[in-house]
Structure formats: structure tokens, C-alpha cells
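Since the structure comes first, as C-alpha cells, the remarks are kept for the end.
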Amino acid sequence: MNTLPSPLDRPASIPVLRRLLAAKVLSLQEVEAMELRVRQDLPWKPWLDRGLLSLGVVLILAGIGYFFAHNWNGLTNADKLGLSAGAVLVSLAGATWAGLDRFSGKLLLLAASALVGVYIAVFGQIYQTGADSYELFTAWAFLIFPWVALGRFMPLWIFWLGLLNLACGFYWTVSPFISDLENWDIFRSETISLTALNGIALLFREGVGRWPLAWLDRGWSTLVLLAATIIPAAMETIGEILYTWDPSSSSRSVFIACGLYAVFVIGLGFYYSRWRYSLPALAIITLGTCTVLTFLAIRVLDFDQPNLNAGTWLVAGLIVLAIFGGGVLFLRTQRLSHQQP
């Protein structure tokens with residue numbers, strides 16, 4: 001028996017309207033009229049309540065961290081462990097009492113997940129476990145995963161993914177399997193692994209985002225994951241351009257990195273321009289591409305030479321203007337093409 005609610009019973013929202021536009025169920029004029037109505041009917045009071053509640057939770061968490069830092073020497077080990085663990089239990093009890101189906105309960109569950117990190121840090125300082133940073137973040141992510149899975153709260157999932165990013169980033173500096181890595185090799189490993197991790201998360205988000213689950217229908221999460229994927233990919237490509245480029249010899253890694261990045265952004269651009277149109281997503285992709293092209297132009301013009309004449313600076317300025325002007329033109333073209341009936 002199908003117990004899923006009918007899509008027609010769901011309240012109107014801007015992400016749903018954009019999906020209907022992408023599926024060509026509604027015309028652009030109908031979607032624009034409906035979006036205007038939805039935006040006019042958005043209740044400002046619930047948004048204000050949620051914003052102030054979120055700000056209050058953030059300030060309380062900051063106060064708890066400051067409390068331990070300021071009173072560390074005046075507290076016994078039992079006080080430190082008891083207070084940090086008690087803060088977790090109080091937040092968890094509050095989330096259970098408020099209910100995980102309400103925003104306040106989800107926010108308290110997020111606070112409890114953050115306070116687990118405070119407890120781990122206090123425990124590590126007291127007993128000097130000697131654990132590396134990546135092990136602490138990995139343990140943190142592992143301990144709160146059941147809450148993340150039960151919470152059905154997109155900010156909590158983003159928070160958990162951020163912990164995995166930190167664990168992955170800190171791992172390569174102390175990797176026991178590759179002990180002879182140089183700084184550049186560590187940077188390359190970090191950026192590639194972060195691109196893969198966030199790319200998998202983005203792929204998962206795009207795949208499950210079409211399920212009839214309200215908490216997954218958060219368009220901003222796509223932009224966060226896309227930016228988290230584009231940034232390390234662009235940094236890796238820029239690093240290859242600046243570090244391994246050698247005009248006097250073959251620089252195969254540079255061409256491979258630039259080629260892979262080109263294929264990567266072209267694929268993302270095609271997806272967000274044809275299959276699931278999103279102008280903000282295209283703006284993130286375009287900004288990353290323009291930044292990479294700018295560093296490529298700088299490397300081609302050989303700005304490492306000691307004496308740069310005015311002509312080189314002029315050409316560089318014109319190239320940068322052309323690159324970002326082309327990016328703006330591309331975004332404008334995409335916007336106009338999707339405004340046509």
C-alpha cells in the first residue's frame with residue numbers, strides 16, 4: 001500500500017515550482033506568477049523566530065566553549081567531564097522533549113552534536129590521548145551519525161559532512177601509509193580527496209533530492225555542496241598551474257589537471273543549464289572557471305620574471321577583463337534563454 005503523500009497535497013514552495021518548470025509541467029510565466037505569490041505569502045514571523053532561535057543557540061554554544069577555555073585551570077577533571085557531558089545530555093533531552101519533527105527539536109539536536117565535539121576535546125586534554133586531529137574529527141562524526149540519520153535536518157547533514165572534510169584534510173599531514181609526502185603532495189592529496197568526498201555528497205544530494213521528502217527539498221544545500229566541490233577542484237588545478245608548470249619541459253600533470261577540470265565544469269554546467277536549471281549554481285561554476293583561467297593566463301604570461309614591463313600588465317588586465325566579462329555574458333545568456341516562453 002502506498003502511504004506517501006500526494007505531491008498535490010504539499011504546500012507550494014519555490015524549489016517545487018522550479019522543479020515543475022524544469023520538467024516542463026508549467027510555463028515560465030506561470031512559475032513567475034506563482035513565485036511572486038509564494039514570496040508575498042511567506043510569513044516573516046516564523047523566519048524571524050527561527051533566525052533568532054538559531055542565533056541564540058550559536059551564542060550559547062560559543063559561551064560554553066568560552067566557559068571551558070576561561071575556567072580551565074579552576075575546574076577539576078570531574079567537573080570538566082561532567083559539565084561537558086551534561087551539556088550534551090541536556091541538549092539531547094531538550095531535543096527529545098521538543099520533538100524531532102519541530103524546528104526547535106532539530107536545532108537542539110544540532111547543538112547536542114556540536115557539544116559532542118566539546119566533550120571529545122575536553123576528554124583529550126585531560127587524558128592526553130595523543131590522538132591526531134583527523135582521528136578526533138572522525139570519532140566525532142562517527143558518534144553523532146545516528147543522530148544525523150534520525151534528525152532529518154539538512155543543516156545537521158551539512159555539519160556532519162564538514163566534520164568529514166576536516167578529518168580528510170588533516171589526515172594527509174600524518175598519513176601512516178605515505179610517510180614521505182612533500183608539502184605539494186599533501187596539498188594535492190587533500191584537494192583531490194575533498195573534491196571526491198564533496199562530489200559524492202553532491203551526487204547523492206541531487207539523486208535523493210527528487211524523493212518526496214520535505215526536509216530534502218532545500219535548494220541552498222545544493223549550492224553549499226557545489227561550492228565545496230568546486231573550490232578544492234579549482235585549488236588543485238591552480239596549484240598544478242603554479243607549481244608544476246615548466247615552459248622549458250613537458251608538464252603533463254598540468255595538462256591532465258586542466259583537462260579534467262574542463263570536463264568537470266562543462267559537465268556541471270550542462271547539468272545545471274539543461275537538466276536542472278539553476279542560475280546560482282551556474283554562477284558558482286563560472287566563478288571557479290574564471291579564477292582558474294586567470295591563474296592560467298598569469299602563468300602563461302610568465303609573471304615570475306624579475307622585470308615586467310607595462311605592456312605585460314596591460315595585456316594581463318585585458319585578459320582578466322575578457323575572462324570575467326565572458327563569464328558574465330555566459331550567465332546573462334543563460335538567464336535570457338530560460339526566460340523565453
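The values are calculated or read from the model by the stated rules, or taken from the named source; none is laboratory data. Since the model is a prediction, treat every value here as computed from it, not as a measurement. Cβ atoms come from the backbone with ideal geometry, glycine included; neighbour counts cover every protein chain shown. Quick note on the areas: whole protein, heavy atoms, side chains included, nothing else; ligands and nucleic acids left out. Shrake-Rupley method; radii C 1.70, N 1.55, O 1.52, S 1.80 Å.
What net charge is computed for the residues neighbouring SER193, neighbours being all others with C-beta under 14 Å from the C-beta of SER193, Lys and Arg scored +1, Asp and Glu -1?
Working: positive: ARG188; negative: ASP185, GLU190, GLU236.
Result for the local shell: -2.
Mind grabbing the accessible area of TYR119 for me, 1.4 Å probe, Å², rounded to tens?
Per-residue accessible area (TYR119): approximately 80 Å².
Would you mind counting up the charge near LEU109? Only other residues with Cβ under 11 Å from its Cβ, with Lys and Arg at +1 and Asp and Glu at -1. Don't skip to the end; give the middle numbers.
Working: positive: ARG102, LYS106, ARG152; negative: none.
It works out to a net charge of +3.
If I model a spin label as a point 7 Å beyond the Cα along the Cα-Cβ vector, how far apart are those points for PHE324 and ILE126 in nm?
Label-label distance for PHE324 and ILE126, simple model: 5.2 nm.
If each of TRP72 and THR244 carries a label point 7 Å out from its Cα toward its Cβ, how far apart are those two points in nm?
4.1 nm
Rounded, prolate or oblate: which fits segment 64-180, taking a ≥ b ≥ c as square roots of the Cα gyration tensor eigenvalues, rounded meaning a/c under 1.5, else prolate when a/b beats b/c?
Details: a/c = 2.76, a/b = 1.19, b/c = 2.33.
Verdict is oblate for segment 64-180.
Whole-Hz ³J(HN,Hα) for each residue in segment 93-98, computed from phi via Karplus 6.51 cos²θ - 1.76 cosθ + 1.60 with θ = phi - 60°, x for glycine and proline: what do you get?
For segment 93-98, the Karplus-derived couplings read 5, x, 5, 5, 5, 6 Hz, x marking Gly and Pro.
Probe of 1.4 angstrom, ligands and nucleic acids ignored: what's the accessible area per residue over segment 42-154, in square angstrom? Numbers along the way, then the final one.
Working: 6790 Å² over 113 residues.
On a per-residue basis, 60 Å².
Taking θ = phi - 60°, what integer Hz values does the Karplus form 6.51 cos²θ - 1.76 cosθ + 1.60 yield along segment 225-233, in sequence order, with x for Gly and Pro?
Karplus-based 3J(HN,Hα) across segment 225-233 equals 5, 5, 5, 5, 8, 5, 4, x, 5 Hz.
Taking the Cβ of THR96 as the centre, find all other residues whose Cβ is under 15 Å away and add up their charges (Lys, Arg: +1; Asp, Glu: -1). Display every interim value, and only then the final one.
Numbers: positive: ARG102, LYS106, ARG152; negative: ASP101.
Every neighbour counted, the sum reads +2.
Compare the peptides 261-273, 93-105, 186-198, 222-234 by average per-residue count of other Cβ atoms within 10 angstrom and give them in order, highest first.
On the way: 261-273: 16.4, 93-105: 14.3, 186-198: 19.0, 222-234: 21.5.
Answer by packing, highest mean first, reads 222-234, 186-198, 261-273, 93-105.
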